[in-house]
1. So which residues in the range 343-360 are open to solvent by 70 Å² or more (accessible area, probe 1.4 Å) and either touching a residue at least 24 places away in the same chain (Cβ under 8 Å) or within 28 Å of Ser218 (Cα to Cα) (or both), if there are any at all?
2. What are the pairs, 6+ residues apart or on separate chains, where a residue within the range 163-185 that is under 20 Å from Ile329 (Cα atoms) and aromatic (Phe, Trp, Tyr) has its Cβ under 8 Å from a residue that is open to solvent by 10 Å² or more (accessible area, probe 1.4 Å) and part of a loop (DSSP other than H, G, I, E, B)?
3. Quick check on this structure: which one of Val27, Val8 is open to solvent by less than 10 Å² (accessible area, probe 1.4 Å) and touching a strand residue (DSSP E or B) at 6+ places or on another chain (Cβ under 6 Å)?
4. Step by step: first the residues of the range 142-161, then only those that are part of a strand (DSSP E or B) and out of contact with any Pro (no Cβ under 9 Å at 6 or more places or on another chain), then the one that is farthest from Val69 (Cα to Cα). Which residue is that?
5. Is it the case that some residue within the range 126-141 is within 22 Å of the chain's Cα centre (by Cα), surrounded by fewer than 18 Cβ atoms within 10 Å (Cβ to Cβ) and part of a helix (DSSP H, G or I)?
6. From Asp372, Asp389, Asp385, which residue is at pLDDT 95 or above, open to solvent by less than 70 Å² (accessible area, probe 1.4 Å) and not hydrophobic (A, V, I, L, M, F, W, C)?
7. Scan (1) modelled with pLDDT of 95 or more; (2) assigned to a loop (DSSP other than H, G, I, E, B); (3) exposed (fewer than 15 other Cβ atoms within 10 Å of the Cβ) for the single condition Arg184 breaks and write down its number.
8. Take the residues in the range 30-67 that are assigned to a loop (DSSP other than H, G, I, E, B) and of a type in the set (Lys, Arg); name whichever of them is modelled with the lowest pLDDT.
Amino acid sequence: MTYQAVDVLGFAGGFTLGMVQAGFSLVGKRELPGGFGVANCEANRHLLGKNWSAEACEPKDWSRVSADVVFGNPPCSGFSVMSVKSFRGADSPVNECMFNFVRYVAKVQPVIAVFESVQLARTSVDGRQLMAMLRSYLEDLTDDKWSLYHVRHNALSVGGAAMRRRYFWLVSRIPFGIEIPAIRQTPTLNDVIGDLTNLPLTWLRQPYRSPASWWSASRRAETNVLDGHITQGTPLESRIMDLLRGVRWLPSESISAVARRHYEAYGRLPTSWAATERKIVANDFHMGYTIPVKWNGDAYARVITGGALCTVLHPTEDRLITYREAARIVGFPDDWVIRPLRHVPSMAATWGKGITVDCGRWIGSWIREALDGTPGKHVGTLIGDREWDIDVTHAYRNLVQ
């Protein structure tokens, strides 16, 4: 049986594609004014299906569709360690998006609703209180009982590419459960993007030139071509390239260490750094925390953020990562097209504004099993009234032979 699902604040489409891969029929996408991420999904209807409509407007104006599942990932910045402390917590104004999600769930009346956030939304005291409050609010709106499942997970634990610990808030009117993931091998960054090395940097479609790795084989396009293998091309990238012409950038090093090495070797930074050199030297080369880092190709991929195309250096080539490489790391297959989006202003940020395809597919598969009446046997630990805690964050460590 095919079940219907509607995307609410799903942004770039990772959750959306994951749910479709899990067997759901997409019937709608609902976003805030501006439609952040909508263009990604519109350009990829060949993978998401044709029978859905998008609405980018105020949440009160989102029209109702009939769906078995409502899914999404409202902004997590209220609990993200990347947000300033004054912005975090249950009272953060950005958490209103979670309430908008719940209000739409009440409008649709699905069987199951699920959204993703960071793990602090569950593990912090005020976070768990807010998650419980959202369930209570939904019960008041629907005059019905919903069981709450806290599902902590990790992309590596469900077949994904990155060490990415996250959390699903899942409410259900039927029994829900999972089985512990059986992982046989975890990929390094080189396993994920290494077969794209030495390809020309271009928006255009081009054929593969290197054999696939065990991980990337399932992500390659059947047409044997991919697009969007090009860097963002920012002024910061030019300054990075100027540094690389003078000194070597070692794996796991940040731009601060490389700038210091350049200054010690030449007594100055490259000419392109002239406007900021004095400030950087006076600040002992400290340039902040979210700064460019060369990822280690022999280690796990890390979290792709909205600024990743400006902050992640390729492990073996002297450049930043490309749009296609970022897409690979968050689980998009190579037939998810990128070139038609090249003029969309917010496109570069969308890869970090959503969940990975693998995580969406994993939770979607267990939601489908629950709808079929065959939920997994693992429901975690009962921690409250109709409230369970499921934790598979570290399942990737228990490799199955």
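1. Filtering the range 343-360 for residues open to solvent by 70 Å² or more (accessible area, probe 1.4 Å) gives 343, 345, 353.
Residue satisfying the conditions is Lys353 alone.
2. Every condition considered, the pairs that remain are Tyr167/Val118; Tyr167/Gln119.
3. Testing whether each residue is open to solvent by less than 10 Å² (accessible area, probe 1.4 Å) and touching a strand residue (DSSP E or B) at 6+ places or on another chain (Cβ under 6 Å) leaves just Val8.
4. Here is the first cut: in the range 142-161, the residues part of a strand (DSSP E or B) are 147-154.
From what is left, the residues that are out of contact with any Pro (no Cβ under 9 Å at 6 or more places or on another chain) are 148-152, 154.
Values: Leu148: 15, Tyr149: 15, His150: 17, Val151: 16, Arg152: 19, Asn154: 22 Å.
For the range 142-161, the residue satisfying everything is Asn154.
5. The answer is no; no qualifying residue exists.
6. Details: Asp372 fails: open to solvent by less than 70 Å² (accessible area, probe 1.4 Å); Asp385 fails: open to solvent by less than 70 Å² (accessible area, probe 1.4 Å).
Selected residue: Asp389, the only one of Asp372, Asp389, Asp385 that is at pLDDT 95 or above, open to solvent by less than 70 Å² (accessible area, probe 1.4 Å) and not hydrophobic (A, V, I, L, M, F, W, C).
7. Failed condition: (1).
8. If we filter the range 30-67 for residues that are assigned to a loop (DSSP other than H, G, I, E, B), which is where we start, we get 32-37, 43-44, 49-52, 57-58, 62-67.
Of the ones still in play, those that are also of a type in the set (Lys, Arg) are 50, 64.
Working: Lys50: 95, Arg64: 98.
Applying the filter and picking the extreme gives Lys50.
The values are calculated or read from the model by the stated rules, or taken from the named source; none is laboratory data. Remember, it's a predicted structure, so these values are computed and weren't measured experimentally. Quick reminder, even Gly has a Cβ in these numbers, built from the backbone with ideal geometry, and neighbours come from all protein chains shown. Keep in mind that these areas ignore ligands, DNA and RNA; they rest on the heavy atoms of the full protein, side chains included. Shrake-Rupley method; radii C 1.70, N 1.55, O 1.52, S 1.80 Å.
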